[in-house]
Amino acid sequence: MRRPLILTAAAVTVLALTACTATPVATSSDAPAATGTSTAPPESDDPRVAEIAELVDATVSEHALKSAIVQVLVDGKELTTVVLGESTMGVPATADMHFRNGAVAISYVVAVLLQLVDDGTVSLDDTIDEWLPELPNADAVTLRMLVNMTSGYADHVADQDFLDSLDADPFQNYTSDDLIGFSLATPHLFEPGTNWDYSHAGYVMLGEALTAATGKPMSQLMDELIIEPLKLDDTVGDQGPLIPEPVQHAFTAERGVWEDSTYWDPSWTLPVGAVQTTTISDMARSFDAIVGAGELLSPESYEAMVAPSLVGFGSPLEGCSSCHELTKEWNYGLGVVRSENWLLQTPSFGGYAGAVATLPSERITVAASVTYTEASQTDWPGTLRNRADDLVRRIATLLSPDDAPTASRADG
């Protein structure tokens, strides 16, 4: 079975999402007509608006995308929003459509943790045995190791039993205990703190630790510390397949048949409370605020989140598909990917592909969500490159040619 790239553009593999009633939908294998909207504030005569619209149109056409929803912020304000293609046959995509934000919520989880560090509830260097004593090496693994992915706990999405289970039924719901069980089926990959490996399981464990440390479920912490302060009215946490209307539908052939994957169950992806749907505006604004400007965090915690502390760390390891050395072109902070001076997340799973990137020095943020047609890839099933990531980096390069991110990794 193929193992597609999932919640982030790490050298990590993963799989699909699920839903209650996703039935195969007859869709055209051709790219949608390049129709849609491009909007900017009425007072804007910025020539970059037209250039961005041209980049989006070219990407949709070149890669036979079904839809593309893009928003660009400069200095915290909307420069432009571009929408092309259709959600489902005959239903144009719109800027208010909801989609799964995947790894973008990892940055929210870390912002929750860092606020708890700021108020003295926990420390990044606390070992997790206080809250999760049953886990192996709990007395050596710290909260910092869980969030910067150096704990050594295997990713559940690298476990073949999990992959077989998800492939057989993408509509099933997984609990945190289920996911941690799949992770622990593989022995510790390396001694805590000695290597780097992308692990969704580490964030599931983190959610359980923060719940135990505060006495509050992660969903409540997320609402109180992220959703409400930033007024993310269109960002909703749900462990099931529900997506509020209007919906940007997703399609995939990763199980060997072209099908509507919109409502595959996403419970396997992240901690309870961090499995979310959102809109392009909420995704852009929140990432711009938290990761681009350090809102909600102390200066010390913001620096810990975004610093390139792991450049040069990590190495390939037999039996670990995503262990590798982190470089200035691609490295990991606390819940954010760094590419040169850009900070980003690139979720890709279950037919959805997204990307959001911010350049704090120029206060530029670019966000995109795209979906595919059957013509988007000729070798279905196979690992599909994240075209939202490509698009966001092209726009980022247009906006900041002297401080551009590197080309996206070829694994997503």
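The values are calculated or read from the model by the stated rules, or taken from the named source; none is laboratory data. Just so you know, these numbers come straight off a predicted model, no measurement behind them. Methodologically, a virtual Cβ is constructed for each residue, glycine included, from the backbone with ideal geometry; neighbour enumeration extends over all protein chains shown.
Check whether at least one residue in region 82-104 is assigned to a strand (DSSP E or B), under 26 Å from residue 63 (Cβ atoms) and either of a type in the set (Asp, Glu) or modelled with pLDDT under 95 (or both), and report yes or no.
Filtering region 82-104 for residues assigned to a strand (DSSP E or B) gives 82-88, 91-92, 98-100.
Next, only the ones that are under 26 Å from residue 63 (Cβ atoms) stay: 82-88, 91-92, 98-100.
This time we only want the ones that are either of a type in the set (Asp, Glu) or modelled with pLDDT under 95 (or both), so: 86.
The answer is yes; a qualifying residue exists.
Here are some residues: 281, 267. Which one is touching a Phe, Trp or Tyr at 6+ places or on another chain (Cβ under 6 Å), hydroxyl-bearing (Ser, Thr, Tyr) and not in a strand (DSSP E or B)?
None of the others qualify; the one that does is 267.
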- Restricting attention to region 253-272, and to residues there that are at pLDDT 95 or above, within 19 Å of residue 346 (Cα to Cα) and not hydrophobic (A, V, I, L, M, F, W, C), which single residue is surrounded by the fewest Cβ atoms within 10 Å (Cβ to Cβ)? 267
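Return the residues of region 333-379 that are in a loop (DSSP other than H, G, I, E, B), farther than 16 Å from residue 66 by Cα and of a type outside the set (Ser, Thr, Tyr); say none if nothing qualifies. It would help to see each step written out before you state the result.
Start the filter on region 333-379 by keeping residues that are in a loop (DSSP other than H, G, I, E, B), which leaves 333-336, 340-341, 346-347, 350-351, 360-363, 373, 377-379.
Narrowing further to those that are farther than 16 Å from residue 66 by Cα: 333-336, 340-341, 346-347, 360-363, 379.
Listed by number, the residues that qualify are 333, 334, 335, 336, 340, 341, 347, 360, 362, 363, 379.
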- Query: Hey, does region 134-146 have a residue that's among the hydroxyl-bearing types (Ser, Thr, Tyr) and either surrounded by fewer than 16 Cβ atoms within 10 Å (Cβ to Cβ) or at pLDDT below 95 (or both)?
  - Reply: no
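Any idea which of 264, 258 is of a type in the set (Phe, Trp, Tyr) and touching an Asp or Glu at 6+ places or on another chain (Cβ under 8 Å)?
Numbers: 264 fails: touching an Asp or Glu at 6+ places or on another chain (Cβ under 8 Å).
Being of a type in the set (Phe, Trp, Tyr) and touching an Asp or Glu at 6+ places or on another chain (Cβ under 8 Å) holds for just one of 264, 258, which is 258.
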- Please verify whether region 246-259 includes one or more residues that are over 30 Å from residue 183 (Cα atoms), among the hydrophobic types (A, V, I, L, M, F, W, C) and under 16 Å from the mean Cα position of the chain (by Cα). no
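On the basis of being under 20 Å from residue 400 (Cβ atoms), touching a residue at least 12 places away in the same chain (Cβ under 8 Å), in contact with a Lys or Arg (Cβ under 9 Å, 6 or more places away or on another chain) and surrounded by 16 or more Cβ atoms within 10 Å (Cβ to Cβ), does residue 65 make the cut?
Details: under 20 Å from residue 400 (Cβ atoms): no; touching a residue at least 12 places away in the same chain (Cβ under 8 Å): yes; in contact with a Lys or Arg (Cβ under 9 Å, 6 or more places away or on another chain): yes; surrounded by 16 or more Cβ atoms within 10 Å (Cβ to Cβ): yes.
Spelling it out, it is not the case that residue 65 is under 20 Å from residue 400 (Cβ atoms), touching a residue at least 12 places away in the same chain (Cβ under 8 Å), in contact with a Lys or Arg (Cβ under 9 Å, 6 or more places away or on another chain) and surrounded by 16 or more Cβ atoms within 10 Å (Cβ to Cβ).
Quick one: is residue 114 outside any loop (DSSP other than H, G, I, E, B) and either of a type outside the set (Ser, Thr, Tyr) or within 30 Å of residue 303 (Cβ to Cβ) (or both)? Break it down stepwise before answering.
Numbers: outside any loop (DSSP other than H, G, I, E, B): yes; either of a type outside the set (Ser, Thr, Tyr) or within 30 Å of residue 303 (Cβ to Cβ) (or both): yes.
Answer is yes for this residue.
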